[in-house]
Amino acid sequence: TFKKVLSYLKHLLGWEFYLLKRRKFKEAYNCFWVRLFSIEEGLGLTTPFYKINPNWAPYPERIEVEVTTTCRFRCPKCEHTYWQEKQENMSFDNFKRIINQFPKLKEVSATGIGHGFENPDYFKMLRYLKSKSIFVQFFDPLFLPDEKILRELIGIGVNFIWVSFDGATKETYEKSQVGSNFDKVIENI
């Protein structure tokens, strides 16, 4: 509806003005691009054209990088719980090698089957992305971070944190996120 579109535009422009006031022009452009053209986090305005002719699609400007397969939870819904593979962290050098292959990169989702905070290089990775004015987001249950880590994320300038929260009560949440703690996650949120 028109009200929803107007509300979205107001949100989008508010974020843009915030970045522009801080003279973060490249980041403002990338944020604007993500909101208009990314199918995952935006309106996906160019998607219909790429469906007509996939050859029109540009070199990827949005990627998802799985920085770890390490997870301490054993959630019944997650394939990770049933894997037999060794849990591993991506090195910072490999991360940089991947990112540097995409010269027009505007957005990175630093997420995956594991939880980024399990990787000791995670903050270096996030800082590296932000040093390139890339729009950064990730999914996490927010179990591991403490107040200091959360403040550091704000300081880095992560654009979005999507909280994995699979239950409205302590009982249902802790059955779904086996190994987590409902109260701690609520406090972190």
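The values are calculated or read from the model by the stated rules, or taken from the named source; none is laboratory data. Please read these numbers as outputs of a predicted model, since none were measured by experiment. Here the Cβ is made from the backbone with ideal geometry for all residues, glycine too, and neighbour counts use every protein chain on show. Quick note on the areas: whole protein, heavy atoms, side chains included, nothing else; ligands and nucleic acids left out. Shrake-Rupley method; radii C 1.70, N 1.55, O 1.52, S 1.80 Å.
Tell me whether segment 133-152 contains one or more residues that are within 15 Å of the chain's Cα centre (by Cα) and open to solvent by 40 Å² or more (accessible area, probe 1.4 Å). Looking through segment 133-152, at least one residue is within 15 Å of the chain's Cα centre (by Cα) and open to solvent by 40 Å² or more (accessible area, probe 1.4 Å).
Here's the yes/no breakdown for (1) closer than 18 Å to residue 106 by Cα; (2) among the polar types (S, T, N, Q):
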{"position": "22", "(1), (2)": "no, no"}
{"position": "27", "(1), (2)": "yes, no"}
{"position": "30", "(1), (2)": "yes, yes"}
{"position": "42", "(1), (2)": "yes, no"}
{"position": "49", "(1), (2)": "no, no"}
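The single residue among 40, 27, 61, 66 that is open to solvent by 80 Å² or more (accessible area, probe 1.4 Å) and in contact (Cβ under 8 Å) with a residue 24 or more places away in the chain turns out to be 40.
Residue check: residue 93 meets all listed conditions (1) open to solvent by 40 Å² or more (accessible area, probe 1.4 Å); (2) among the acidic types (Asp, Glu); (3) under 22 Å from residue 32 (Cβ atoms) but one, namely (3).
Check whether at least one residue in segment 9-20 is surrounded by 10 or more Cβ atoms within 10 Å (Cβ to Cβ), within 27 Å of residue 126 (Cβ to Cβ) and touching a strand residue (DSSP E or B) at 6+ places or on another chain (Cβ under 7 Å), and report yes or no. No; the residues of segment 9-20 include none that is surrounded by 10 or more Cβ atoms within 10 Å (Cβ to Cβ), within 27 Å of residue 126 (Cβ to Cβ) and touching a strand residue (DSSP E or B) at 6+ places or on another chain (Cβ under 7 Å). For segment 107-121, filtering for residues that are surrounded by 15 or more Cβ atoms within 10 Å (Cβ to Cβ) and in a loop (DSSP other than H, G, I, E, B) leaves 7. Restricting attention to segment 153-189, the residues being open to solvent by 80 Å² or more (accessible area, probe 1.4 Å) and within 17 Å of the chain's Cα centre (by Cα) number 3. Each residue in segment 145-174 was checked for being in contact (Cβ under 8 Å) with a residue 12 or more places away in the chain, under 16 Å from residue 77 (Cα atoms) and charged (D, E, K, R), and 1 of them qualify.
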